[in-house]
Every structure is written in structure tokens, then in C-alpha cells.
Amino acid sequence: MKCNLCGYSSNNSKEFTPVLNVGHLCLSCLMKCTDLDCIIEKDGGLCCTGRIDTICIERSNSGLPVIWESGGGYTNTGYANLIGDCFGGKKKPIFVRTSGHLACAEHALFVVHVNDVIVTATRENDFIRIGRVLSIAEGYMTLLWEHICEYGDWDREPSQYKDIVDAARAKCRSYHCRHSMYMEG
């Protein structure tokens, strides 16, 4: 059997628990998800609350899993996708776009690793999600959304991620943003 989040595999089926909408989870992932209110009891079984997400990713020419920092603001709307290390700090990109169509587009390409932090933000409703990469497979990654903000109200205050959240807010408000706002170097 194999954990659908972290990829841990074992022949002992007692190490796994079935979860509706997710599949089987190892005990470690189940405890982490239960602590963050991602797994709840429903109709006599366990169910995912929607805080676990699967996102398509690309591969670099050398086969590394990569994701773009992208986004920017328009007249009344805007969005941002930022990538940080496991502590929410800045990462060094493997490629930075400097020409072509840049307004509100893809600006910097980062190699993504398990435990990296992904922040998505939209200008409408001040909606921000902070996710942690749980696993990376061929063509996709699994994220656990640890913190969610809507209308300025956080479900849990993410004080350790202040810099990356501030950069995401700034990027989705930066009119026709043409550059990366959260990278090392």
C-alpha cells in the first residue's frame, strides 16, 4: 500500500487509513492533516475538508520539477503565485524572464522541493493561501493549505511567513507587474 500524500509505501495495511476524496494516508500524514483540521469525521468515515490540493507542475530540461512565480495587478483585480523555501524564505530562480510579454505573466522559474512554501493571493476579498508541498510526482505536486486568509481574517496567524505574504499582496496590486518580487539575488 502507498500513502497518496507523501508516497510512503509498506506491505502493512494497518499503517494506512482510507480517507474520502484523498485515498489512503500513512499515519504521519493523517496526524498532520488532522492537526490542521484537513481531515474530519463524516458519515462514519474520514473525509478531506478541501485543504489538500493537487497542482500541475512542469519539468525543466534536466527533469527537475519547476514552478513559475507569476502574477500582477490589473485595474481592479490581480493575482500572485510566489514560491519560498521550507521556511518561507527567498529561493534562487533557475531562470528569470527579461523580454517578451511580461505584464502579469510568468517572471521567474524555481525548482520546487518537498516542504517548499507556495503562496497564492488574489486582490479580490484579500484572499491568500499558504501551502506546503507534501509530495511531488510525475506532472503534479500535492499541497497542504496550512493557512487561509479571506477578507483579511486568517484561520491561523502565519507570523513566520510575513515576508512572502507581504510580497504576494504587493505583487497582486502591482499594476501590470513585469518582474519577480520574491527571489534571492
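One table, with the values for the structure above:
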| item | result |
| --- | --- |
| Within segment 124-146, considering residues that are surrounded by fewer than 15 Cβ atoms within 10 Å (Cβ to Cβ) and not polar (S, T, N, Q), the one farthest from residue 86 (Cα to Cα) | 124 |
| Residue in segment 72-79 that is under 28 Å from residue 5 (Cβ atoms), out of contact with any Cys (no Cβ under 9 Å at 6 or more places or on another chain) and in contact (Cβ under 8 Å) with a residue 40 or more places away in the chain present | no |
| Conditions (1) at pLDDT below 95; (2) under 14 Å from residue 182 (Cα atoms); (3) touching a Gly at 6+ places or on another chain (Cβ under 9 Å): number failed by residue 80 | (1) |
| Residues (without any contact (Cβ under 8 Å) to a residue 12 or more places away in the chain and assigned to a strand (DSSP E or B)) located in segment 125-156 | 153, 154 |
| Where residue 93 falls short, out of the listed (1) modelled with pLDDT under 95; (2) surrounded by fewer than 22 Cβ atoms within 10 Å (Cβ to Cβ) | (1) |
| Those residues of segment 120-151 which are of a type outside the set (Lys, Arg) and touching a His at 6+ places or on another chain (Cβ under 9 Å), in sequence order | 128, 130, 131, 133, 136 |
| Test: residue in segment 172-179 that is in a loop (DSSP other than H, G, I, E, B) and among the aromatic types (Phe, Trp, Tyr) | no |
| Test: residue in segment 112-121 that is farther than 30 Å from residue 26 by Cβ and not aromatic (Phe, Trp, Tyr) | yes |
| Conditions (1) under 25 Å from residue 28 (Cα atoms); (2) of a type outside the set (D, E, K, R); (3) out of contact with any Ser or Thr (no Cβ under 9 Å at 6 or more places or on another chain); (4) assigned to a strand (DSSP E or B): number failed by residue 67 | (1) |
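Table: residues versus (1) surrounded by 14 or more Cβ atoms within 10 Å (Cβ to Cβ); (2) within 18 Å of residue 68 (Cβ to Cβ).
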residue: 105; (1), (2): yes, yes
residue: 121; (1), (2): yes, yes
residue: 148; (1), (2): yes, no
residue: 166; (1), (2): no, no
residue: 177; (1), (2): yes, yes
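The values are calculated or read from the model by the stated rules, or taken from the named source; none is laboratory data. This is a predicted model, so every value here is computed, not measured. A quick note on method: Cβ atoms are made from the backbone with ideal geometry, for glycine too, and the neighbour counts reach across all protein chains shown.
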